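Accompanying notes for the structure given below.
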Amino acid sequence: MKISPRTGKWRKLKSRPRIVIWNGWKTMFYPRGRSPNGIAGRVEHLRTNQRLAYLLQTQRELIYKELWLYIGINTFDYLGSILSYVVIAIPIFSGVYGHMDSAELSALVSKNAFVCIYLINCFSQLIDMSTTVSDVAGYTHRIGELQETVFELIQQEKDSASDHEENWDFNNVSGEAVVTVDTAFFLERVSFSVPSSDQPLVENLTLTVSQGNNLLIVGNTGTGKTSLLRILAGLWENTQGNVQVPSCFGPHGILFLPQKPFFSDGTLREQVIYPLTKIYPDSGFVDDERIVRFLELAGLSSLLARSGGLDQKVEWNWYDVLSPGEMQRLSFTRLFYLQPKYAVLDEVTSALTEEAENELYRVCKQLGMTVISVGHRSSLEKFHDLMLKLCGNGKWELSRIKKK
Ligand SMILES: Nc1ncnc2c1ncn2[C@@H]1O[C@H](COP(=O)(O)OP(=O)(O)OP(=O)(O)O)[C@@H](O)[C@H]1O
């Protein structure tokens, strides 16, 4: 039997069902290889086997290389002790020690054997050490590379900080745009392109995002909306122009909410107050009311019950148990809790309905946040004052949104 996709009723299968799936409330029968996971499962199986075979091949090559080394060391160990007797036998039989009696000769032989075995043992230890040293050399090389990269990044950060300081003029009243502490971002003739390519995404963009000026960034797929946010966050470098960020990044300054939120493996409270976990490790009941209120506002009251309270240690991974919409709601709860001055939102309502989006943006406004959003829905316009449209090939249009 199987469900007819046309009528929705059960009908008899021509071939015998091979796979039975119990999905909790209904048993589904599928012919072999036709289950929803059948083909995908086989592909994954094949790919896993290929990777495992590659790993085994590498291990085998390593074992072959080490095999000859260990055969050499052990042969040297065993044959070395025999060799010591051969070495002493030659002068004894050629009559060099003919003047010695048997007691003196046996003392000489055992002394010679002891010295030889001791030398061989030392030599084996040296070879053993050489393998350990080569392992340590590998680790040291990697740590060295990591350290160099970190130093380079710190140096770049220092250089760009001093550049910014030189370029900032908070008292400038003669220029077109005045950068004040209430400005989140100031971009002057900024251009940037796709990494490792000359394809321009945005050219000569001049823009000021200050408090109360909510900005909506729109444009077709691949026109560079997320890339612009990366430029604002300092993750990517602009090819031309000047980007100034007078406000500070962080929970109470400029906060970025990505399309796919990040969750740690902690309790529900830790998800909401992230990244402040270290600052309020035992906040106890101090913030309970606020957190519960914000969960309610984000439409997540049921999650509180499901996770057994704010501080209940959960067994699950948040990415596995939350739906994409719930993840986005939870990241809004985080935003409400942290209440940054500026919230940079990258398609954070893509999995939500328009009503839910309205409600969440309304709360952001009530909490006094200035939002810089990337989105596709025209319903977002009413929550913004400026619209930056990226048109591709470096072109852009900046306009003021008319309030209806
Ligand atoms: N890390 C990267 N390395 C190389 N190219 C990248 C990288 N990230 C993005 N790109 C390219 O840069 C271009 C702009 O990407 P971006 O993610 O900014 O587009 P977008 O406008 O946000 O698109 P969408 O609406 O689909 O989110 C795309 O062509 C993309 O393939």
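The values are calculated or read from the model by the stated rules, or taken from the named source; none is laboratory data. If you're wondering where the values come from, they're calculated on a predicted model, not measured in any experiment. Here Cβ is always computed from backbone atoms with ideal geometry, including for glycine, and neighbour counts include all displayed protein chains. Ligands, DNA and RNA are stripped out before the accessible areas are found, and what is left, the full protein with its side chains, is counted by its heavy atoms. Shrake-Rupley method; radii C 1.70, N 1.55, O 1.52, S 1.80 Å.
Structure data summary
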item	result
Members of K158/K389; K158/K382; K341/K382; K225/K341; K341/K403; K65/K111 lying beyond 28 Å, as alpha-carbon distances in this model show	K158/K389; K158/K382; K65/K111
Stretchable slack from E148 to T48, in nm (0.36 nm times residue separation minus alpha-carbon distance)	32.5 nm
Theoretical gain in end-to-end length, N393 to S350 [0.36 nm per residue, Cα-Cα removed]	13.0 nm
E289-Q125 pseudo-label distance in nm [points 7 Å out on the Cα-to-Cβ vector]	7.2 nm
Y70 versus D198: modelled label distance in nm, points set 7 Å from Cα along the beta carbon direction	5.6 nm
Of all accessible heavy-atom area on region 37-155, the percent that carbon and sulfur account for (1.4 Å)	68 percent
Label point distance in nm, N220-K403, each placed 7 Å from Cα along Cα→Cβ	3.4 nm
F185 long-range amide H proximity, modeled H, under 5 Å	V209
Region 333-391 - charge dipole about Cα centre, Lys and Arg +1 at Cβ, Asp and Glu -1, debye rounded to 20	220 debye
Probe 1.4 Å, accessible area per residue of region 183-400, Å²	46 Å²
Within region 206-306: Cβ-based charge dipole about Cα centre, in debye rounded to nearest 20 (Lys, Arg +1; Asp, Glu -1)	300 debye
Efficiency of FRET from Cβ geometry, D182 and D311, R₀ 35 Å, rounded to 0.05	0.40
Translational diffusion coefficient (Stokes-Einstein; Kirkwood radius from C-alpha pairs) of region 183-400 at 37 °C, 0.692 mPa s, in µm²/s	181 µm²/s
Selection from W68, Q57, A103 lying farthest towards where the dipole of region 37-155 points positive, charges on Cβ	Q57
Contour minus Cα-Cα distance for Y85 and T58 (0.36 nm per residue)	5.5 nm
Efficiency of FRET from Cβ geometry, T239 and D159, R₀ 25 Å, rounded to 0.05	0.90
